[in-house]
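Quick notes on the structure that follows.
The values are calculated or read from the model by the stated rules, or taken from the named source; none is laboratory data. Bear in mind that the values here come from a model prediction, so they are computed numbers and not experimental data. Cβ placement follows ideal geometry from the backbone for every residue including glycine, while neighbour counts extend to all protein chains displayed. Heads up: the accessible areas ignore ligands, DNA and RNA and are worked out on the full protein's heavy atoms, side chains in. Shrake-Rupley method; radii C 1.70, N 1.55, O 1.52, S 1.80 Å.
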Amino acid sequence: MGYRHRREDILAGAVDAVLDDGIGQLTFGRLAARLGINDRTIVYYFPNKDALVTEALMALGVRLQAGLEASFNEPSADHRALVQTAWPTLARDEMDPVFAVMFELNGLAVAGREPYAALAPQLARAFVAWLEPFIDGDAEYRLVEARAAVVVVDALLLARQLLGPEVADELLMRLTDPGTQ
């Protein structure tokens, strides 16, 4: 990769490192070795690991939103319709590492580790707020339905990670189609 000293390149390298190795493995030293730069260069742009982790996770969130936005052509009636619309984008093999990172983030957050404990709820609230305009209805309805969509998607993605894609797809049908037995 050679010497790359631009902030954007360092952040992109951090995102790639997190996707490859997880949040817990992201250190200035490992990232510097990966990028072929001095770790002091990383510190110049990111004064501490918390700042680096936070920005890498925010960049992942933006990447996820950009991929999903293309799926939402018109507002959905409720969380079930929104989940059905989003699922083909979310349930792809190339997305699995993104959600593995998000589940690692959530695990570190519930264990009380910082910056994850502060960051995970912030990211969840931001994602809910981002989803609200993609749901028809008044403000209260959109908020509740966006929250429900996040909960259902997270459950399905966790099932995909732990039980496999076929199980997650079957659960999607059961959760989003009230007529399915």
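Angle between the Cα long axis of helix 49-69 and the longest principal axis of the chain, 0 to 90 degrees, nearest 10?
40 degrees
Find which of ALA66, VAL98, ILE37 sits farthest along the positive direction of the dipole of the stretch 18-112, computed with +1 on the beta-carbon of Lys and Arg, -1 on that of Asp and Glu, about the Cα centre.
The listed residue farthest towards the positive side: ILE37.
For every helix of n ≥ 4 consecutive DSSP H residues, a contribution of -39,500 (n - 2.57) applies; sum these over the chain, divide by its total residues, and give [θ] at 222 nm rounded to the nearest 500 deg cm²/dmol.
It lands at -23500 deg cm²/dmol.
Would you mind classifying the stretch 122-181 by shape? Square roots of the alpha carbon gyration tensor eigenvalues, ordered a ≥ b ≥ c; an a/c under 1.5 is rounded, otherwise it is prolate if a/b is larger than b/c and oblate if not.
oblate
Determine the distance separating the Cα centre of the stretch 43-71 from the Cα centre of the stretch 80-158; give it in Å without decimals.
Each part's Cα centre sits 15 Å from the other's.
Probe radius 1.4 Å, ligands and nucleic acids ignored: give me the carbon and sulfur share of the accessible area of the chain as a rounded percent.
Result for the chain: 55 percent of the exposed heavy-atom area is carbon or sulfur.
Magnitude of the Cβ-charge dipole of the chain, K/R +1 and D/E -1, about the Cα centre, nearest 20 debye?
Once rounded to the nearest 20, the dipole reads 740 debye.
Just how large is the dipole of the stretch 133-181 about the Cα centre, in debye to the nearest 20, putting +1 at every Lys and Arg Cβ and -1 at every Asp and Glu Cβ?
Its charge dipole is roughly 140 debye.
Could you sort THR89, THR27 by their accessible area in this structure, using a 1.4 Å probe and putting the largest first?
Result of the area sort, largest leading: THR27, THR89.
Hey, can you find the accessible area per residue of the chain for me, probe 1.4 Å, expressed in square angstrom?
That works out to 53 Å² per residue.
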